[in-house]
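Beneath this line is the structure, given in structure tokens, with notes to follow.
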There are 2 protein chains.
Amino acid sequence: LKPRNREVVLAARPAGPATVDCFAERASDIAEPADGEVLLRNVYLSCDPHLRQEMDNDRPLPRPISSRVVGLVERSRHADFLPGDVAWGQGRWELFSVCPGSSLTKVDPAIGPISHAISVRGMPGLTAYVAMTDVGRPAADETVLVSAAAGAVGSLAGQFAKMAGARVVGIVGSDAKADHVVRRLGFDGAVNYRAGGVLSEAVRAACPAGVDIYFDCVGGDALEAALAVSNLHARFVLCGMIASYDGQPAAGVRNLMQAVTSAVTMTGFRVSMHRHRLPWYATMAAGLLAAGRIRYAEDIRDGLAAAPAAFIGMLHGDNIGKRLVRVNEDPYLRNG
Amino acid sequence: LKPRNREVVLAARPAGPATVDCFAERASDIAEPADGEVLLRNVYLSCDPHLRQEMDNDRPLPRPISSRVVGLVERSRHADFLPGDVAWGQGRWELFSVCPGSSLTKVDPAIGPISHAISVRGMPGLTAYVAMTDVGRPAADETVLVSAAAGAVGSLAGQFAKMAGARVVGIVGSDAKADHVVRRLGFDGAVNYRAGGVLSEAVRAACPAGVDIYFDCVGGDALEAALAVSNLHARFVLCGMIASYDGQPAAGVRNLMQAVTSAVTMTGFRVSMHRHRLPWYATMAAGLLAAGRIRYAEDIRDGLAAAPAAFIGMLHGDNIGKRLVRVNEDPYLRNG
């Protein structure tokens with residue numbers, strides 16, 4: 001019996017917060033790669049917050065879900081790839097993806113877990129690195145506040161700030177995450193925004209010298225709290241606004257006047273413009289991981305069918321580290 | 001009969017929008033300058049938006065209103081000043097102010113109207129100049145959007161952008177102001193935000209190539225509209241948020257995600273940090289005015305008693321150009 005492909009597609013536009021009912025599964029024959037294409041047996045799919053924004057657009061349904069994947073070359077009609085090679089690229093939420101070979105990047109399984117190619121050594125890591133070191137530019141003894149600090153990007157951004165000598169405080173959504181960023185990642189402090197009370201007061205208590213750099217993937221209340229505690233000439237790096245992605249009416253930021261008072265520079269950051277730096281970054285990240293200079297958590301769910309719930313859970317913050325879905329066996333897994 | 005001083009003071013904290021009832025007038029003897037001090041016969045008082053924020057603080061009432069003034073030296077116990085000299089500095093809303101001589105700057109009445117020392121040649125002008133040319137940095141053919149474009153700062157900011165070769169569009173609050181900025185100041189277009197309709201659509205129509213630089217003294221709806229139309233790598237200069245000064249609950253800015261999408265840099269600007277540049281700027285501004293390269297409107301009300309209504313009217317946008325109050329005769333007035 002010939003194996004079949006299975007795919008999770010977007011089946012409905014969410015009216016408010018996304019639910020698993022917005023997704024559907026369908027089966028099809030596995031496509032044959034055309035000239036220049038590669039058939040990838042996907043191993044890991046990425047759950048990225050920006051997919052939630054994509055769900056709101058009005059293109060026809062059902063439609064595939066574009067997603068970074070890392071997998072094994074099954075068949076190749078591109079000279080750079082042979083069966084068995086590991087590669088990452090832009091695929092779909094499915095068991096097998098056909099991709100142009102020119103869009104894939106080979107992954108050396110000897111340098112670390114292959115999943116890292118789409119997490120700590122990939123675009124989430126590059127986001128943390130460039131946004132923190134190039135835009136935020138923390139100096140020794142400055143205070144850096146990081147939102148979504150236990151997440152795929154924030155967890156690294158904070159560690160890069162620590163390497164620059166800064167004092168780093170994370171905003172997180174649970175006590176377990178607070179523990180994770182302080183005990184495991186070496187942050188100097190953490191604020192659980194779900195602990196109740198006024199967030200800006202909790203941030204002020206955790207940042208007694210004020211905030212010099214704020215790394216934002218959240219927006220909303222967290223951004224307001226950071227503005228309230230901002231020091232003169234603070235730098236805010238705006239990488240995302242996940243607080244307003246999941247169908248909530250966007251919470252307005254009411255104290256932007258503080259950006260005038262503190263002469264804050266707020267810079268919107270898009271990692272896509274820095275993609276050309278990924279090969280250098282990936283090599284560096286592998287070295288830092290190998291040397292124990294940075295640590296990185298992945299939060300992996302198993303099975304294609306788990307993808308919708310894994311994604312929605314991530315939007316609600318049920319992950320520690322990068323949320324991935326494993327849809328085929330990982331032959332390089334240490335404990336596999 | 002010895003002349004008396006009269007002063008307008010803050011008598012009540014506004015519960016919502018400020019009213020003239022928040023102010024009171026009181027009379028006193030004219031103070032004698034102590035050693036190192038100067039007695040100034042104030043001619044012009046400044047009506048500055050930030051006074052509205054000062055009104056909300058909880059220091060004891062009634063209290064004096066600190067304000068930039070320009071006037072004539074009446075008596076001097078400071079070696080740099082002689083009776084009859086013109087000087088500007090930080091005084092109060094009153095007929096005569098005693099100031100430390102070290103805090104006053106002499107004004108040459110030959111280079112232009114003495115009122116210009118606290119308007120186009122003064123801190124409002126310096127704000128427009130540094131914020132636009134140093135922070136916004138318009139290049140030829142870029143589109144510059146200016147809020148409060150008929151006001152004390154915006155009217156100049158737009159003209160400095162024109163001098164850099166940019167296409168300049170102003171947001172204003174009346175058709176008369178739209179006429180003023182286009183016909184008199186040379187802006188390329190104007191949007192009347194009170195004309196009804198969706199502001200971002202009107203801005204988009206007036207800025208068909210998008211917005212590269214936004215000069216903001218307003219915040220709120222105008223800032224949201226500018227974000228909606230922002231080009232990649234747009235620069236936003238945040239100089240003030242007058243929309244939220246007058247006791248309204250601060251309107252939250254809901255589309256900050258656009259700053260991420262467009263990789264916008266938003267920079268809060270405080271002119272006080274650039275005060276040391278005022279002597280150079282003032283000389284340059286006088287030259288530009290004399291050469292007809294820039295134009296500047298002042299909107300002057302007469303009499304100390306008119307100050308509260310003049311100030312509140314300015315908060316509501318009833319001024320074209322810099323709102324001043326003349327409290328004593330200006331002996332240098334051309335038509336005086």
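The values are calculated or read from the model by the stated rules, or taken from the named source; none is laboratory data. Model, not experiment: these values are computed from the prediction. Cβ coordinates were reconstructed from backbone atoms using ideal geometry, including for glycine residues, and neighbour counts include every protein chain displayed. These accessible areas exclude ligands, DNA and RNA; they are computed on the full protein's heavy atoms, side chains included. Shrake-Rupley method; radii C 1.70, N 1.55, O 1.52, S 1.80 Å.
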Search the structure for amide H atoms under 5 Å from the amide H of A:Ile300, placed 1.01 Å from N in the peptide plane, and list their residues when 5 or more places away or on another chain. A:Leu324
With a 1.4 Å probe and every protein chain left in place, work out the accessible area per residue of chain B in Å², rounded to a whole number. 41
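Under 8 Å for C-alpha pairs, at least 6 residues apart: give me the relative contact order for chain B, rounded to a whole percent. Provide the component values of the computation, followed by the final result.
Working: 759 pairs, mean separation 61.0, N = 336.
Computed value for chain B: 18 percent relative contact order.
Where a ≥ b ≥ c are the square roots of the eigenvalues of the C-alpha gyration tensor, would you call the protein assembly as shown rounded, which needs a/c under 1.5, or, failing that, prolate if a/b is larger than b/c, or oblate? Present the calculation step by step, with values, prior to reporting the outcome.
Details: a/c = 2.71, a/b = 2.31, b/c = 1.18.
Prolate shape, in that a/c is at least 1.5 and a/b is the bigger ratio.
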Short version: which residues of segment B:264-301 lose at least 40 Å² of accessible area, all chains versus chain alone, 1.4 Å probe? B:Met266, B:Gly268, B:Arg270, B:Met273
Report the label-to-label distance for A:Thr133 and B:Ala195 in nanometres (one decimal), using points 7 Å from each Cα along the Cα→Cβ vector. 5.0
How big is the accessible area of A:Met163 in square angstrom, nearest 10, if you roll a 1.4 angstrom probe over the protein chains? 80
Dipole check, the protein assembly as shown, charges on Cβ (K,R +1; D,E -1), about Cα centroid: among A:Ile118, A:Ser200, B:Leu45 the Cα furthest to the positive pole belongs to A:Ile118
Once phi is turned into θ = phi - 60°, what whole-Hz ³J(HN,Hα) does the Karplus curve with 6.51, -1.76 and 1.60 give for every residue of segment A:80-90, x standing for Gly and Pro? 7, 10, 10, x, x, 4, 9, 8, 10, x, 8
Given a Förster distance of 35 angstrom, what is the FRET efficiency for B:Ala110 paired with B:Arg184, based on the Cβ-Cβ distance and rounded to 0.05? 0.85
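Chains A and B: what accessible area do they bury, summed, in square angstrom to the nearest 100, with a 1.4 Å probe? Walk me through the numbers before you get to the answer.
Working: alone 14850 and 14830 Å², together 27590 Å².
The A and B chains share an interface burying roughly 2100 Å².
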For B:Tyr193, A:Tyr281, give the ranking by accessible area with the largest first, probe 1.4 Å. B:Tyr193, A:Tyr281
In straight Cα distance, which aspartates and glutamates are under 20 Å from B:Lys162, not counting same-chain residues fewer than 8 positions off? B:Asp134, B:Asp141, B:Glu142, B:Asp179, B:Asp188, B:Asp212, B:Asp216
Within straight-line cross-link reach of B:Lys2, aspartates and glutamates at Cα separation under 12 Å, skipping those fewer than 8 residues along the same chain: B:Asp29
Report, for A:Met273, each distance to the same residue's label point in the other copies, shortest first and in nm; define the point 7 Å along Cα→Cβ. 2.1
Please calculate the 1.4 Å probe accessible area of B:Thr261, with all protein chains present, and give it to the nearest 10 Å². 60
Which value, in Å² rounded to 10, gives the accessible area of B:Arg92 with a 1.4 Å probe and all protein chains present? 90
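Round to a whole number: what % of the accessible area of segment B:2-84 belongs to carbon and sulfur, probe 1.4 Å?
Values: 2130 of 4060 Å².
C and S atoms contribute 52 percent here.
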If the label for B:Ala291 sits 7 angstrom from Cα along the Cα-to-Cβ line, what are its distances to the same label in every other copy, in nm to one decimal, shortest first? 5.5
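Carbon and sulfur atoms: what percent of the 1.4 Å accessible area of segment B:183-310 do they account for? Intermediate values should be presented prior to the final figure.
Working: 2890 of 5490 Å².
Carbon plus sulfur share of accessible area: 53 percent.
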Take the alpha carbon gyration tensor of segment B:1-134, find the square roots of its eigenvalues, order them as a ≥ b ≥ c, and report rounded if a/c is under 1.5; if not, report prolate when a/b exceeds b/c, else oblate. oblate
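What dipole magnitude, in Debye to the nearest 20, does chain B give about its Cα centre under +1 on Lys/Arg Cβ and -1 on Asp/Glu Cβ? Write down the numbers at each step before the final one.
On the way: 35 positive and 34 negative charges, 69 e Å.
That gives chain B a dipole magnitude of about 340 debye.
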Ordered shortest first, which distances in nm separate the 7 Å Cα→C-beta label point of A:Glu54 from those of the other copies? 5.4
Among the residues of chain B, which one places its Cβ closest to the rotation axis that maps chain B onto chain A, and what is that distance in whole Å? B:Gly252, 1
Residue-ordered couplings for segment A:17-30, obtained by feeding phi - 60° into the Karplus form 6.51 cos²θ - 1.76 cosθ + 1.60 and rounding to whole Hz (Gly and Pro as x), are x, 5, 10, 5, 5, 6, 10, 9, 10, 9, 10, 7, 5, 6
By the gyration tensor of its Cα atoms, with a ≥ b ≥ c the square roots of the eigenvalues, what is the shape of segment B:57-152: rounded for a/c under 1.5, prolate for a/b over b/c, or oblate? oblate
